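What follows is calculated from the coordinates using simple rules that are stated; it is not laboratory data. Small disclaimer: the values here were computed from a predicted structure and weren't measured. For neighbour counting, all protein chains shown are included, and Cβ atoms are generated from backbone atoms with ideal geometry for every residue, glycine included.
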Amino acid sequence: MLYFNAFLFAGFVCMLGQIILDKTKLTPGHITVIFVVVGAFLDVFDIYDKLVLWAGGGALVPITSFGHMLTHGAIMGYNELGFMGLFVGAFDLTSAGICAAIICAFFMSLIFKPRD
Amino acid sequence: MEKTKYKNLVTKHSPKEDVFYNAVIAFITGGIMGIIGQGLIDFYSYYLTIPTKEATVCMLVTLIFMSCLLTSLGFFDKWVNFAKCGLIIPITGFAHATMSAALEYRKEGLVTGIGANMLKLSGAVIIFGVVSAWTFSLIRLLVGVI
């Protein structure tokens with residue numbers, strides 16, 4: 001059942017993005033930014049946490065989870081450290097993703113040559 | 001006369017059903033990405049006995065690694081052309097943007113090429129994510145205090 005929910009939710013988010021991409025003149029960059037901001041917003045009142053419980057990996061794979069984790073980290077940081085925690089905690093959960101992307105991209109761009 | 005003909009031709013060949021078709025393709029590919037994500041979480045937490053939270057991180061790193069590898073091997077661009085938002089909205093799109101920028105600017109040197117341009121496309125995601133997350137959490141905390 002969790003897999004079905006994951007399929008449904010991730011598919012729905014991607015479909016929404018595709019419809020926005022086709023109907024307006026926004027570039028894919030704009031759309032990913034919109035979805036990150038929406039994900040960050042949905043975490044304000046813990047809506048996204050319920051979505052993660054409902055859809056599992058389906059809610060964690062789309063880029064909305066990036067915004068969700070940023071907000072989540074900032075709020076967790078505040079609870080532990082007070083106001084400075086907003087700065088300390090923001091990257092707590094997302095650092096893995098950003099680091100992985102940068103490191104993979106750096107070393108692979110040294111190894112591989114660009115195609116076409 | 002010519003104009004109406006042309007218009008008819010244009011309406012005949014253009015994108016009404018294309019929007020629907022693209023949306024369905026994006027729905028299916030995005031859904032498959034979600035299933036792969038959930039499958040990887042289950043795989044890591046059952047077979048390698050990693051706690052669920054760390055398994056999530058492992059899943060994201062695996063997806064990012066795979067999409068970087070496939071981008072640099074040249075497959076991923078074709079798949080993105082086919083599935084569009086089905087692969088751009090998942091975290092693979094973020095990795096794809098980083099990787100293709102790094103590959104493209106590599107010939108300009110390590111620092112001025114890769115270093116300066118790697119986050120050219122995906123930097124927007126990080127910056128707007130941080131700004132919005134910081135603002136929203138500040139608002140939430142202010143609301144909580146009041």
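Which whole number gives the average, over all residues in B:134-146, of C-beta atoms from other chains lying within 10 Å of the residue C-beta?
Details: counts 7, 7, 12, 16, 5, 2, 8, 7, 0, 2, 2, 0, 0.
Across B:134-146, the average partner-chain Cβ count within 10 Å equals 5.
Below 18 Å, Cα to Cα, which aspartates and glutamates can B:Lys107 reach? Residues fewer than 8 away in the same chain don't count.
Within the straight-line limit of under 18 Å, B:Lys107 reaches these aspartates and glutamates: A:Asp116.
Identify the trypsin sites (Lys or Arg not before Pro) of segment A:18-94 meeting these criteria: DSSP loop state and at most 14 other C-beta atoms within 10 Å of the C-beta.
Numbers: sites: A:Lys23, A:Lys25, A:Lys50; in loops: A:Lys25.
In loop regions of segment A:18-94 (DSSP not H, G, I, E or B), the sparsely surrounded trypsin sites (Lys or Arg not before Pro) are A:Lys25.
Residue by residue through A:21-27, how many Cβ atoms from other chains fall within 10 Å of the Cβ on average?
Across the residues of A:21-27, the mean count of other-chain Cβ atoms within 10 Å is 3.
Averaged over its residues, how many other protein chain Cβ atoms are within 10 Å of peptide B:61-71's Cβ atoms?
5
If you average the sequence gap of Cα pairs under 8 Å that are 6 or more apart and divide by the length of chain A, what percent do you get for the contact order? Could you put the intermediate results ahead of the total?
Numbers: 115 pairs, mean separation 26.0, N = 116.
Contact order relative to length: 22 percent.
Need one number for chain A: average projected area of the convex hull over its C-alpha atoms, nm².
Values: hull surface 39.4 nm².
The directionally averaged projection comes out at 9.8 nm².
Lysines within cross-link reach of A:Lys23: Cα-Cα under 26 Å, excluding same-chain residues under 8 positions apart?
Result set, ordered by chain and number: B:Lys3, B:Lys5, B:Lys7, B:Lys12, B:Lys16, B:Lys78, B:Lys84, B:Lys120.
Could you work out [θ]222 nm for chain B from helices alone, using -39500 (n - 2.57) per DSSP H run of at least four and dividing by all its residues? Round to the nearest 500 deg cm²/dmol.
-26000 deg cm²/dmol
Just to confirm my understanding: which cysteines in the protein assembly as shown have no other cysteine beta carbon less than 4.7 Å from their beta carbon?
Result for the protein assembly as shown is A:Cys14, A:Cys99, B:Cys58, B:Cys85, no neighbouring Cys Cβ within the cutoff.
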